[in-house]
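Each remark here refers to the structure printed beneath this line.
Read-outs: derived from the displayed coordinates by stated rules, not from any lab. On a predicted model such as this, the values are computed, not experimentally measured, just so you know. All Cβ positions, even for glycine, are placed from backbone atoms using ideal geometry, and neighbour counts span all protein chains on display.
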Amino acid sequence: MTLFAAVELAPRDPILGLNEQFAADTHPAKVNLGVGVYFDDAGKLPLLACVKAAEAAMTEAAKPRGYLPIDGIAAYDKAVQGLVFGADSAVLKAGRVATVQAIGGTGGLKVGADFLKKLNPTAKVLISDPSWENHRALFTNAGFEVGTYAYYDADNRGVKFDALLADLDAAAAGTVVVLHACCHNPTGYDITPTQWDQVIATVKAKGLVPFLDMAYQGFGDGIAEDGAVVQQFLANGVDSFFVATSFSKSFSLYGERVGALSVVCADADEQKRVLSQLKIAIRTNYSNPPTHGAQMVATVLDTPALRAQWEEELAGMRVRIKQMRTLLVEKLAAAGVKTDFSFITRQRGMFSYSGLSKAQMERLRAEFGVYGVDSGRICVAALNSKNIDHVVAAIAAVV
Ligand code: PMP
């Protein structure tokens, strides 16, 4: 009997599996709408000009690569805070926010999860039904029992808001509630500001712990618009909550693993103690974060000209996605498709729950080389002026 004889083969990541299948597909017009990555109209992964400029400046003044502090580059953490809470935010002035650099948004979630597990070992976690696949796995691996709150309303193409509220209302005090701050992955449906107010009221009344996952700030309606939910939590007097930030999409820096975790505390004294515990979580997982990606982001955010350029480039990505949504709906109608797909323009961010069935998604792949997820999720950010007609023809053929 060898040491690993009893090790089971873990299931493949479903989306990475799709990528392999896509790579092997010989269809001349194949389109990959499976991955959660933004591509430009030429079908290329963009390297933002602001990032290129920041990197060139860094190379010019190249520095030795010592260890970073456990919580990362101070200027980066500060820039993240400005972006998430607003530079003039009262909570920042009061020293109430503990922010640490993290290895992508995933790292921010994991540091928060480890901290929460130590704080309240018996707490449960609720994620939306459905949610980003890794939410369940990550919190489960951190030792939590993970349940769901109602979210997607397939019949009405939106959010089952009453059921969502009822599920939160039934949760035990101390339950950690993972909420998508904007651009819900995978459905594309967000709740309205009025509905957020109701969620916040329930969270307060029931003593729940909000954990906002902000992986797409700037991809929905704008940087400030997408971050408005954070302001709503603050305005409603929620004095402790979590925000995980990812710059993977908004800076097109997927492989650099740039993210953060911010924890809003009741006062500056709490902030010090919480920060010290977040550092333990980091120290015992990977000691300290890497230098390069966060330095590029900090340089962009802190250099007015680069910052302006970033906002413009981000707006470009956001506008292009919306154009693709509109075009998709128009072209489907023009192709004589009777199903009303106008809901696609009400969705936000990179994804659309298309409402297509597993069987239809399989036909899209097998007959047309159009790859989406079996759940019906397609990445609208991978559509472009060259591939959209093929996608429309394929969908028209299967509905
Ligand atoms: N949260 C959500 C909702 C996401 O969609 C993603 C990325 N797909 C992440 C977190 C993780 O982001 P990162 O790649 O920066 O770890």
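Miscellaneous remarks
- Exposure proxy ranking, count of Cβ atoms within 10 Å, fewest first, for Lys249, Lys331, Lys338: Lys338, Lys331, Lys249
- The chain: relative contact order in percent, alpha carbon pairs under 8 Å with at least 6 residues between: 26
- Exposure proxy for Val97, Val91, Val337, Val370: other Cβ atoms within 10 Å of each Cβ, ordered fewest to most, give Val337, Val91, Val97, Val370.
- For the residue pairs Lys44/Lys110; Lys117/Lys204; Lys52/Lys249; Lys124/Lys279; Lys78/Lys124, the C-alpha atoms sit more than 25 angstrom apart in Lys44/Lys110; Lys78/Lys124.
- Charge dipole magnitude, Cβ of K and R +1, D and E -1 - the stretch 1-124, Cα centre, debye nearest 20: 480
- Amide hydrogen neighbours beyond the local backbone of Arg377, cut-off 5 Å, H modeled: Ser354
- Each Lys and Arg adds +1 at its Cβ and each Asp and Glu adds -1 at its Cβ; summed about the Cα centre, the chain shows a dipole of about 440 debye.
- Modelled label positions at Lys338 and Lys44, each set 7 Å beyond Cα in the direction of Cβ, lie 4.4 nm from each other.
- Between Lys63 and Ser357, the distance separating the two model label sites (each 7 Å from Cα on the Cα→Cβ line) works out to 5.8 nm.
- What the phi angles of the stretch 242-252 give under the Karplus curve with 6.51, -1.76 and 1.60, with θ = phi - 60°, is a coupling list of 10, 9, 9, 10, 10, 9, 4, 7, 5, 10, 6 Hz, glycine and proline written as x.
- For the stretch 67-302, a simple Cβ point-charge model (Lys and Arg +1, Asp and Glu -1, everything else neutral) yields a dipole of about 780 debye relative to the Cα centre.
- When each of Lys93/Lys118; Lys30/Lys358; Lys322/Lys358 is checked by Cα-Cα distance, pairs over 23 Å: Lys93/Lys118; Lys322/Lys358
- Selected from Pro193, Ala173, Ala98, residue furthest toward positive end of dipole (the stretch 67-302; charges at beta carbon): Ala98
- A simple spin-label model places pseudo-atoms 7 Å from Cα toward Cβ; at Asn288 and Ala396 they are separated by 5.9 nm.
- Extension gain, Glu312 back to Asp389 (0.36 nm per residue minus Cα-Cα distance, nm): 24.9 nm
- The length gained on full extension between Thr345 and Ala205, counted as 0.36 nm times the residue separation minus their Cα-Cα distance, comes to 47.0 nm.
- Net charge of the neighbourhood of Val159, taken over other residues with C-beta under 14 Å away and scored Lys/Arg +1, Asp/Glu -1, is -2.
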